[in-house]
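For reference, the structure is listed below as structure tokens.
Values in this text are rule-based calculations from the coordinates and carry no lab data. On a predicted model such as this, the values are computed, not experimentally measured, just so you know. Using ideal geometry, Cβ is built from the backbone for each residue, glycine included, and neighbour counts are taken over all protein chains shown.
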Amino acid sequence: MRERPLSKRCFEDLCDVIPGGVNSPVRAFCDLAITPLVAESGSGSHITDIDGNSYIDYCMSWGALIHGHTHPEVVEKAIQRLKMGSSFGATTNIEEKLARKITTLMPSCERVRLVSSGTEATMTACRLARGYTNRPLMIKFAGCYHGHADHFLVQAGSGVTRLKESSSSGIPKEMLASTYCLPFNDHDACNQLFDEIGSNLACVIIEPIAANMGVVPASKPFLELLRRRTKECGALLIFDEVISGFRVALGGAQEKYGITPDLSCFGKIMGGGFPAAGFGGKKEIMDVLAPQGSVYQAGTLSGNPVAMEAGLKALELCQAPGFYDTLNAKARIIIDPVREYIKKHDLPFCINSVDSLFTLFCGVKEVNNQADAKKQDNELFNKLFYYMFEHGVYMPPGPYEGWFVSMAHSQDELEKTRDLLLQWLRI
Ligand SMILES: Cc1ncc(COP(=O)(O)O)c(C=O)c1O
């Protein structure tokens, strides 16, 4: 076993002052029942804990660090900007640069509002949809996670999946009455509900490439159905691209699938590892936001200049020629041989992947929605996690998460990870 005495002591101290010792539940390694990783530093593909143990990191700040930890150009830009002042509560020119970059990369976004977290982005996009359509109802899909605003916490993914009700207490029933939750990729359920509530529907929100029930892409026909039915009934289609945005293509899942949503939400990569997120859409819809319009949104640190600078550099780096081909080829070093091995030996596992995002599901042979993902063998998952962790690989510490390959992962590290996975599958 790796020695982690300082991590253990620090986590005990954290538990003294912070509920569960963490500021976001999945960091607590709850079902793993071991001391969680207490991070000290990161460099490139590696994360180092406070005991000095180093791990190849596939969590990468839950997908934010597409260029790896402490990319020198991102760090330099952030430091330069920090020296000019960390926050003003007044508008700055760097916000225009990042917003313009996003409008260029995502043609569906004529206007962008910049906020500090993905939760704020999705929460406000839904409020905007309700304000714009003057209708109350929203449809979401089981297993998709859109942050922790009250009305999204119905059969949500990621850490919410392990709650008994797959929802959260503390939310009045009335609040949830306007949220309808459907099975992911289910055409019939969708058609039926549109027939019933279409005229009162404000919006449908979906992760077009779900990554919070493990990685489960929506089928293109399913997204086309949502696009057609929302248009017909006058509701807005919202793509939550907090994970897929700038990861699967510069233009996100909407570019990959060729489907244009009315509103899009971003986060993670666009902050370059700092707290930044945003949402955007057509001018006509976005102008319903205050100060021009009546839908309110605000934030002391919204559009924070240090985060903007880091985010802008991160997006510029993604624009390097061949960036996504190289990134995806890196991921395939792990994905292809492991998938082949599973198939050849008919093992009770499967890999779902989209480009540099993947999940190895344990104890199931096919996953198309949250119900399938929940059939996983959690004990088997825990064994996999312990094995990888012990051998210096930090994979996402929960069965409903995706692995994130970054540009900083070297061929050797990816091959080492592949070999470890194959060895473990052989045991
Ligand atoms: C798809 C998706 N939407 C929204 C969010 C919420 O973002 P944040 O954690 O920045 O509030 C997340 C977080 O993981 C996410 O994966």
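Within the shell defined by Cβ-Cβ distances under 12 Å, the residues around Glu413 carry a net charge of -1, with Lys and Arg each +1 and Asp and Glu each -1. Sorted from greatest to least, the principal axis extents spanned by the alpha carbons of the stretch 81-139 come out as 46, 24, 17 Å. Among residues other than Thr326 with Cβ under 13 Å from its Cβ, the summed charge is 0 (Lys and Arg +1, Asp and Glu -1).
Multiplying each eigenvalue of the alpha-carbon gyration tensor of the stretch 72-318 by 5 and taking the square root yields semi-axes of 30, 18, 18 Å, largest first, rounded to whole angstroms. Relative contact order, whole percent, for the chain stands at 22, derived from Cα pairs under 8 Å and 6 or more residues apart. Within the chain, the proportion of Cα pairs with more than 36 Å between them is 24 percent.
Note on the stretch 51-91 and the stretch 265-325: Cα centroid distance 16 Å, given to the nearest whole angstrom. Measuring nothing but how far apart in sequence close Cα pairs (under 8 Å, 6+ apart) lie, relative to its length, the stretch 281-427 scores a relative contact order of 21 percent. Exposed loop sites here are GluC sites (Glu not before Pro) assigned a DSSP state other than H, G, I, E or B and surrounded by at most 10 other beta carbons within 10 Å; excluding them, the longest clear run of the chain is 166-365.
Working from label points 7 Å from Cα in the Cα-to-Cβ sense, the Leu422 to Ala149 distance is 4.6 nm. For the stretch 301-412, what is the convex hull (Cα atoms) projected area averaged across all directions, in square nanometres? Result: a mean projected hull area of 9.5 nm². Structural descriptor for the stretch 319-380: relative contact order 23 percent, calculated from alpha carbon pairs under 8 angstrom and at least 6 residues apart. Seen from Glu309, the other residues with C-beta closer than 9 Å to its C-beta sum to a net charge of +4, counting Lys and Arg as +1 and Asp and Glu as -1.
Beyond 19 Å in Cα-Cα separation lie the following of the pairs Lys77/Lys97; Lys330/Lys374; Lys374/Lys416; Lys231/Lys268; Lys101/Lys330; Lys231/Lys283: Lys330/Lys374; Lys374/Lys416; Lys231/Lys268; Lys101/Lys330.
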